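One structure below.
Read-outs: derived from the displayed coordinates by stated rules, not from any lab. Just so you know, these numbers come straight off a predicted model, no measurement behind them. Please note: Cβ atoms are built from the backbone with ideal geometry, for glycine as well, and neighbour counts cover all protein chains shown.
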Amino acid sequence: MSAQHDYHSPLSHFEPTELFDSLSTGIVVLDAQLCPIYANVSAQDFMAVSLRQARGRPFADLFYDPRQLVEVLRRSMTNLETCTQHELVLKALGSASNRDASIVDLIVTPLEGQVTGTCLLLELTDATQRQRISRDSDILSGMDGSRLMIRQLAHEVKNPLGGLRGAAQLLDKELPDPALREYTAVIINEADRLAALVDSMAVSNGPPRKDPLNIHEVCEHVVKLIRAEAPSGVQIERDYDPSLPDGLFDRHQIVQSLLNIARNAMQAVGGHGHIIMRTRARNGLNIGKVRHRLAAAIEVEDNGPGVPTDLIKTLFLPLVTGRANGTGLGLAVAQDLATRHGGIIEFTSQPGRTIFSLLLPIEGNKE
């Protein structure tokens, strides 16, 4: 009976426990050995194990790479002071392999008891939503500069291309040796390729021309195009949400945005890989500072190597690419087209699982 009393005596500070089980904030109590002796429902979700399974195990051992967590716990226990750590990344060992790591704000408070000695009270608040809103705001605030850069670059490149192509055509007519005309053909073909590239850069000029549109019709069109381009070793699957309603969108711009994302996934997996085109309806979604009752989420998932860490913060800027032969324009243009619809493109990435999400508000559903 005494052991049972030792287990539960720290909770005398904050009974009743039913109240804590109703909180979205995770509440954990650790004993002097930093092992859990209490965890509410939200905390057990963070840990991905039940309280019964967690008892007797060091709390930090429940997570991948817990070094930062251990440092905060030890500092609080050693100095008997409240410690705070913002945006701590925690991925539980017991979580599903496809589950993303949690981003939490952690507050650690020491509690001194006569029977149990010093315990630690942990408060874990999910910071994922706040971080996502902050990141979206950064992306949206930088879009005007990106659009200006794209327009200026398109103008500067396209003007001399016409002269270059015209000169090559005139030269082609004057060359007596047919073998030499192969070189002018190369010039003309490359000028045409660059012109097409510039056109893709400038495709987002002008406001969207919105009409009622079925998102799945767009997805099917893009899947058909990607299947025609993809190597035989690339598998493309579909996972659609039939409850997703039609919305008002510019079909051409949405196709171009989604196609750029899908091509990025295809290039990421190379000759062999797996791509999933997925749709979901999102309720109560924030895009930047605007909250929408309903939005369409079009996700493109691939099992490639993931986004390089040095590109994560700049991936949607023009001319930023991780490939030697990349232009760095596909995702920048895709993001521009999404924001013109009041939407945004987000991504999560780790080796073997990268998801780009095109989020588009269904008009008439702002809160």
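Listed peptides 340-347, 212-219 appear in the order 340-347, 212-219 once ranked by packing, highest mean of other Cβ atoms within 10 Å at the front. Checking every one of the trypsin sites (Lys or Arg not before Pro) in the range 40-100 against DSSP loop status and a limit of 14 other Cβ atoms within 10 Å picks out Arg99.
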